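Beneath this line is the structure, given in structure tokens, with notes to follow.
The values are calculated or read from the model by the stated rules, or taken from the named source; none is laboratory data. Just so it is clear, the structure is predicted and the values come from calculations on it, not from any experiment. Because the Cβ atoms are built from the backbone with ideal geometry, glycine has one as well, and the counts that use them run over all protein chains shown. Ligands, DNA and RNA are stripped out before the accessible areas are found, and what is left, the full protein with its side chains, is counted by its heavy atoms. Shrake-Rupley method; radii C 1.70, N 1.55, O 1.52, S 1.80 Å.
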Amino acid sequence: LSSLSLFFNPFDNLVCILLGISLTVWFTLLLVFIIVPAIFGVSFGIRRLYMKTLLKLFEWATLRIERGAKENNHHLYKPYSNAIIAREPTSLEEEIKEIRRSGSNRDLDSAPEFEMSDIFYFARRGVESIMDDEVTKRFSAEELESWNLLTRSNNNFHYISLRLTVLWGLGLLIRYGFLLPLRVTLAFTGVGLLVFLTCLIGLLPSGRLKNFLSEKVHLMCYRICVRALTAIITYHNSENKPKNGGICVANHTSPIDVIILASDGCYAMVGQIHGGLMGVIQRSMVKACPHIWFERSEVKDRHLVAKRLSDHVEDKTKLPILIFPEGTCINNTSVMMFKKGSFDIGATVYPVAIKYDPRFGDAFWNSSKFGMVNYLLRMMSSWAIVCSVWYLPPMSREADEDAVQFANRVKAAIARQGGLVDLLWDGGLKRGKVKDTFKEEQQKLYSKMLVGTPEDRSRS
């Protein structure tokens, strides 16, 4: 036993020395290339070089897939949504008149009345909704036409070539063996520093020094968290960035939208108080900065929420409020109905459009399918998170506008800038049924076509 101990002790010492050197080198690289640049808000350009390399790799993989499919007479998978030819939007009355014109010799300018052919309009719209539903498909991941070496786009063909299989295995090793541990380390570093430093700053008396240190700490920690996702963000029109006393509204794709925006400017967050780790983070953040957290029982009290928001924006020394009016995550192909609450306060609204590039990783959080931990694991094991952020000119409510009209105008501007589809549907359909009011609206349109409006009848 004594001879064995003499043999193993030098070996154990060598392992400990090598492990210590590895950890020292690891944390030194983190400090020099990630944490210090995050503190000063600079970048060495490594992430953008990494993105360009990935793009060339994806192009090569796509060419190999197309060549392999031709050689083996396989049909390349295309998203079904592209198979439907888009038509110019027309009104209910115009479409029904078109159907009547093709199937009847009756004078279309005669007194309106019900015709059996009208049924075909509603039947066709029902079939179109089943084949290409413009609402529910916004709650699932956006489909890709090419393979990004993360998942197989063609579910019916899992083997293309040996080269691609080896490349996929090598990518799996890099993502889970190197990138994931690195990103987890950065995430814990960013969150840990945020909790610790904001608690320290909370001990300072209110004043300029406290506000200055709070902003610097928040920016530093969010930038570290951005690097934990290998996020490559391009900000446009920075002269339109939200200012104190205003409300920043943006389309909502993922919980990381907050990190994406907060790494370029400080905001006052709005949300419900949570327990666990999220609760610890919320309690520490509010010590250094006046964020707006609500108890679960307060969230549904609209008057209380509006009062808290209004009091905040009236104080021009406080940070702009960050709100996602959709109220749920959409898959970044469209913008759905904005809740009117934040547009009814009377404050200046700063619209922001966020558009992700799904080729590098799907940022959309399908909360009905993935829990938060599972989602973050998927994010940290993807290639990168690439997105563009546009700051739009500030907008104010006009004299003849109500809150709903103002919200729709802001939503249309965000959709137009981000290249997203502007939908009137409520994101609450993600978990609920269609409201009866939507059905009644279609019935009223058809009834109006048949019997006319009260004004029309009075004139006749």
Single residue of V335, V349 found to be over 24 Å from K216 (Cβ atoms), touching a Leu at 6+ places or on another chain (Cβ under 6 Å) and at pLDDT 85 or above: V335
Could you list, ordered by first residue, the pairs with Cβ atoms under 9 Å in which the first is in segment 298-313 and over 16 Å from M269 (Cβ atoms) and of a type outside the set (S, T, N, Q) and the second is in a helix (DSSP H, G or I) and at pLDDT 80 or above, at least 6 apart or interchain? R302/G341; A306/G341; A306/S342
For segment 318-332 the number of residues that are modelled with pLDDT under 85 and either among the β-branched types (V, I, T) or not in a loop (DSSP other than H, G, I, E, B) (or both) is 1
Taking S263, is it surrounded by fewer than 19 Cβ atoms within 10 Å (Cβ to Cβ) and either in contact with a Pro (Cβ under 6 Å, 6 or more places away or on another chain) or at pLDDT 85 or above (or both)? no
Got at least one residue in segment 247-255 being within 25 Å of R409 (Cβ to Cβ), aliphatic (A, V, I, L, M) and in contact with a Lys or Arg (Cβ under 7 Å, 6 or more places away or on another chain)? no
Anything in segment 362-390 that is touching a Ser or Thr at 6+ places or on another chain (Cβ under 6 Å) and closer than 16 Å to T234 by Cβ? List them, or say none. A363, A384, S388
Residue count, segment 319-347, condition over 25 Å from D362 (Cα atoms) and touching a Cys at 6+ places or on another chain (Cβ under 9 Å), comes to 3
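So if I check each of A363, A353, which one is outside any loop (DSSP other than H, G, I, E, B), under 13 Å from the mean Cα position of the chain (by Cα) and of a type outside the set (K, R)?
A353
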Within segment 320-337, considering residues that are closer than 19 Å to Q272 by Cβ and not small (G, A, S), the one farthest from the chain's Cα centre (by Cα): I321
Could you give every pair whose Cβ atoms fall below 7 Å, whose first residue belongs to segment 167-191 and is closer than 15 Å to T230 by Cα, and whose second residue is among the charged types (D, E, K, R), counting only separations of at least 6 or pairs across chains? L186/R227
What about C225, is it more than 25 Å from L55 (Cβ to Cβ) and buried (at least 21 other Cβ atoms within 10 Å of the Cβ)? no
The condition from (1) in contact with a Gly (Cβ under 8 Å, 6 or more places away or on another chain); (2) outside any strand (DSSP E or B); (3) free of Cβ contacts under 8 Å to residues at least 40 places away in the same chain that W293 misses is numbered (2)
In segment 240-256, what residues are open to solvent by less than 10 Å² (accessible area, probe 1.4 Å), more than 18 Å from D426 (Cβ to Cβ) and in a loop (DSSP other than H, G, I, E, B)? G245, G246, S254, I256
How about segment 367-408: which of its residues are closer than 15 Å to N251 by Cα and either in contact with a Lys or Arg (Cβ under 9 Å, 6 or more places away or on another chain) or surrounded by 22 or more Cβ atoms within 10 Å (Cβ to Cβ) (or both)? C387, S388, V389, W390, Y391, A407
